[in-house]
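Input: a single structure, listed below in structure tokens.
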Amino acid sequence: MKRSIFILAALLISVEAFCQSIDLKQMLANGNLLTLPSSQAKPFDEGDKRGITCRDNVWLHDVDFSYGTIELDIRGRNEFLKSFPGVAFYAADTSRNYDVIYFRPFNFRHTDPVRRTWSVQYMSLPQYGYDRLRKENTGQFESEIIPNPRPEDWIHARIVIAKDSIKVYVNGIVKPSLAVRTLQGRGKGMFGLWTDGTVAEFANLVIKKDQ
């Protein structure tokens, strides 16, 4: 009996160690977010959403990521070419050496069907930006989100990152909105919230790391 309790406790500790619910608002208050003046990061509470608003990229101190699942709520803006919220990972630095999954809310329900296929994007900087991928691998690293969310609404993103693949699920839909192979062979690095100089809200971040 005692042995069973010990094993159960060990398993619970193991699960807790690899599943981290991150309070972005508290991290900001404690100075555990790496921000620049341009980030203009500030806390907010809105219903069940507790997190931060930022105008530029924000990096989390002591939160490295390798493989696993990232879940969070994101709200961008319905402003044409002025909203690019997402997450950055495998970062070697905070300039242009990392992978990104991001969204273009202004394309979610665009009347142009081609633009709707540019709703969610994967890229691996600096070598594989969206423009090169779109030119050389048309339709492989960006996709439409079906059902199409409203551009001004919150979306819930679940991003599953394995050694050789990435799948992005939006708003609980079983079929991934984007499924791609990883580029550049990275496997570890800093984790951040990415806006590329635009404004977005992020809340309810959970990181589940594979062992």
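The values are calculated or read from the model by the stated rules, or taken from the named source; none is laboratory data. Keep in mind it's a predicted model, so treat the numbers as computed, not measured. No Cβ is skipped: glycine too gets one built from the backbone with ideal geometry, and neighbour counts run over all protein chains shown.
Return yes when TYR169 is in contact with a Leu (Cβ under 7 Å, 6 or more places away or on another chain), outside any loop (DSSP other than H, G, I, E, B) and either at pLDDT 95 or above or among the aromatic types (Phe, Trp, Tyr) (or both) and no when it is not.
So TYR169 does not fit the description; no.
Out of ILE166, ILE101, ILE173, ILE155, report the one residue that is among the hydrophobic types (A, V, I, L, M, F, W, C) and touching a Ser or Thr at 6+ places or on another chain (Cβ under 8 Å).
That would be ILE166, the only listed residue that is among the hydrophobic types (A, V, I, L, M, F, W, C) and touching a Ser or Thr at 6+ places or on another chain (Cβ under 8 Å).
Select, from PRO147, PRO151, the only residue that is touching an Asp or Glu at 6+ places or on another chain (Cβ under 9 Å), at pLDDT 95 or above, outside any strand (DSSP E or B) and more than 22 Å from ARG96 (Cα to Cα).
Residue meeting the stated conditions: PRO151.
Output the number of residues of the stretch 47-94 satisfying the condition of being surrounded by fewer than 20 Cβ atoms within 10 Å (Cβ to Cβ), closer than 22 Å to ARG116 by Cα and of a type outside the set (S, T, N, Q).
Summing the residues that are surrounded by fewer than 20 Cβ atoms within 10 Å (Cβ to Cβ), closer than 22 Å to ARG116 by Cα and of a type outside the set (S, T, N, Q) in the stretch 47-94 gives 6.
For the stretch 79-87, check the following and say yes or no: at least one residue is more than 12 Å from the chain's Cα centre (by Cα) and closer than 22 Å to ASP23 by Cβ.
No.
Residues of the stretch 97-126 being outside any loop (DSSP other than H, G, I, E, B) and among the acidic types (Asp, Glu), which ones?
The one that is outside any loop (DSSP other than H, G, I, E, B) and among the acidic types (Asp, Glu): ASP99.
How many of the residues in the stretch 180-211 are out of contact with any helix residue (DSSP H, G or I) (no Cβ under 8 Å at 6 or more places or on another chain) and either in a loop (DSSP other than H, G, I, E, B) or without any contact (Cβ under 8 Å) to a residue 24 or more places away in the chain (or both)?
Number of matching residues: 12.
Which of (1) in contact with a strand residue (DSSP E or B) (Cβ under 8 Å, 6 or more places away or on another chain); (2) loosely packed, with under 15 Cβ neighbours inside 10 Å; (3) not hydroxyl-bearing (Ser, Thr, Tyr) is the odd one out, the single condition ALA41 does not satisfy?
With (1) in contact with a strand residue (DSSP E or B) (Cβ under 8 Å, 6 or more places away or on another chain); (2) loosely packed, with under 15 Cβ neighbours inside 10 Å; (3) not hydroxyl-bearing (Ser, Thr, Tyr) applied to ALA41, the lone miss is (2).
Here are the criteria: (1) in contact (Cβ under 8 Å) with a residue 12 or more places away in the chain; (2) in a loop (DSSP other than H, G, I, E, B); (3) of a type in the set (A, V, I, L, M). Tell me which single one VAL174 does not satisfy.
It fails just one condition, (1).
Given the residues LEU125, LEU133, which is the only one that is at pLDDT 95 or above, over 17 Å from the mean Cα position of the chain (by Cα) and among the aliphatic types (A, V, I, L, M)?
Being at pLDDT 95 or above, over 17 Å from the mean Cα position of the chain (by Cα) and among the aliphatic types (A, V, I, L, M) holds for just one of LEU125, LEU133, which is LEU133.
Is there a residue being touching a residue at least 40 places away in the same chain (Cβ under 8 Å) and basic (Lys, Arg) anywhere in the stretch 122-134?
Checked against the condition, which is being touching a residue at least 40 places away in the same chain (Cβ under 8 Å) and basic (Lys, Arg), the stretch 122-134 yields no hits at all.
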